[in-house]
């Protein structure tokens, strides 16, 4: 990308310089106060530099972001150190932070979230990659494979989770227990069992999310340059070596980004525990985000909710930074 | 990844339309990927490839279509059948009455209408905010443009969780106005329109539009507004379609935020209503309601499959 952009700019400079120079002379009335000033503003095919129109066009976004994105981000960071009672807020220093950190539920929630993330990675990373490698080789019917793999992604989470809840019915007549019965495996309590509730959610979450990852991987795989494979073949590489030494290295950047996004996404798991179990049985599916929700909307302690949110955000930021640093180190080796 | 971002949907005015189509066709039938023609002629490779692909197809049929087909089947079964014979094909006959009852008793129709309003409004508001902003950043390029872009992009790196509680309080009591947006669809549309990702996607598209066109328009006396409405918008119909689709689908799937800001039952979208109202309903009616709620997004997806998948691939370009 960088090479393309670098190659394009000189041409444009030339083109715009040819066009812009006379227009300033011809139509001086439209911009009377503006000198040509080619030395200061490099002409890169702008319509007009700055000016009122640009501000008007940017205004909707500026207002919306100020009110509903930048504002709340700042407010959230401030609220972590305040006691908020809807109308009045007072500074309480580190009280919220220490309160949240000493909550006996927090270690459980962190452990459960960690379990969800690890299980989610174990299933959610290799499966889409495997599917994509083979689907990229399809000569015919790719459309149908794509359609089928992406179908679960369009199912609204509420519908998906209520449906899977029926599948996970703990009785012997539940859909999954019936299937287990075919293989002579005794019924599992699924969502009612403290050991199986979390894996059950990971399974549903992977089902709901894997399709999008598959589509992204396939798009990346089909854009790997054919010459690379041909060169590898000339060097006598077999199929497996082509995958290991051409495909995966070419996808490396994307894979690393997808892993990070998946990490960040699964750490913020909320819909599954909230809709499946509400954190039960026995807090075995209580996650960090569910705690934030409960602080804010069950016990109305917005300060504690903000404090835990900020702590989680800081953790995610730290995680991303370490991740980028470590993976960069690998690539330079 | 560089090559992915390179395949911009539009590069010149003439190619603005056919370009994506050509790319889709290339994706449908690539010349080759990992396997060469020689590889494919080897019988061992053939057997393994065919076997695994057939296995994947069966797996996808079971995992992708299976649950939805099961839901369709169960939506017209009796509760008794669902509980005792989950894989039986209507041992007690087909109960079309379930769908009627779900439609009438749980007022799914009303909630679906709300969802349509919310999703359509979200698409309109998002397109308005994001195209104008992207136009400013990509074409008008004011001096402060990079600052604005940086501030917008920075929100991509802030996890959504930080915003949830303060955003709720903001909507509850709008700072500076004293008003509230609770029980107002604007509470969904406006925060939803603050979408850095969509601005980035649209800006990338605008960046690829040929600058000569804008110059030509300027020579013909078109101002910033005229250029936007007569040149940029008509040329960017493909990307606007993708953004609208992704927005509608995201809005249809959203659940937590609408539940928080729309406490009045009659205003809620279908996802929220399903969760709040259906807990005590008979299982068969529940599943019938779920099925009805699922129909629209699935049909939408099957019709616009290509645009969807292109949108998903394009999002990968942004991520990478």
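All of the numbers you see were taken from the coordinates with simple rules; none came from a lab. What you see is a predicted model, and the numbers here were worked out from it, not measured in a lab. Reconstructed Cβ throughout: ideal geometry from the backbone, glycine too, with neighbour counts over all protein chains shown.
Shielding of peptide A:138-149 by partners, expressed as the average count of other chain Cβ atoms within 10 Å per residue Cβ, is 6.
Here B:182, A:161 are placed in order of increasing Cβ neighbour count within 10 Å, fewest first, which gives B:182, A:161. As a rough footprinting exposure proxy, the listed residues B:32, B:265 were ranked by other beta carbons within 10 Å of their own, and the order from fewest upward is B:265, B:32.
Per residue, the convex hull spanned by the alpha carbons of the protein assembly as shown comes to 189 Å³. Mean partner shielding of peptide B:245-253, defined as the number of other chain Cβ atoms within 10 Å of each residue Cβ, is 2.
When B:212, B:39 are arranged by Cβ crowding within 10 Å, least crowded first, meaning fewest neighbours, the order is B:212, B:39.
Per residue of peptide B:36-44, the mean number of Cβ atoms on other chains within 10 Å of the residue Cβ is 2. Please compute the modelled spin-label separation between residue A:74 and residue B:173, points set 7 Å along Cα→Cβ, answer in nm with one decimal. It is 1.9 nm.
The calculated FRET efficiency for residue A:283 paired with residue B:280, based on their beta-carbon distance and R0 = 25 Å, is about 0.50. Here the peptides A:198-208, B:51-61 are ranked by packing, the mean other Cβ count within 10 Å, and the order with the highest first is A:198-208, B:51-61. In this rough spin-label picture, where each label sits 7 Å from Cα along the Cβ direction, the residue B:61-residue B:186 distance is 5.3 nm. Taking 7 Å steps out from each Cα toward its Cβ at residue B:216 and residue A:235 produces label points 4.6 nm apart. Put simply, when B:221-229, B:123-131, A:124-132 are sorted by average Cβ atoms within 10 angstrom per residue, most first, you get B:123-131, A:124-132, B:221-229.
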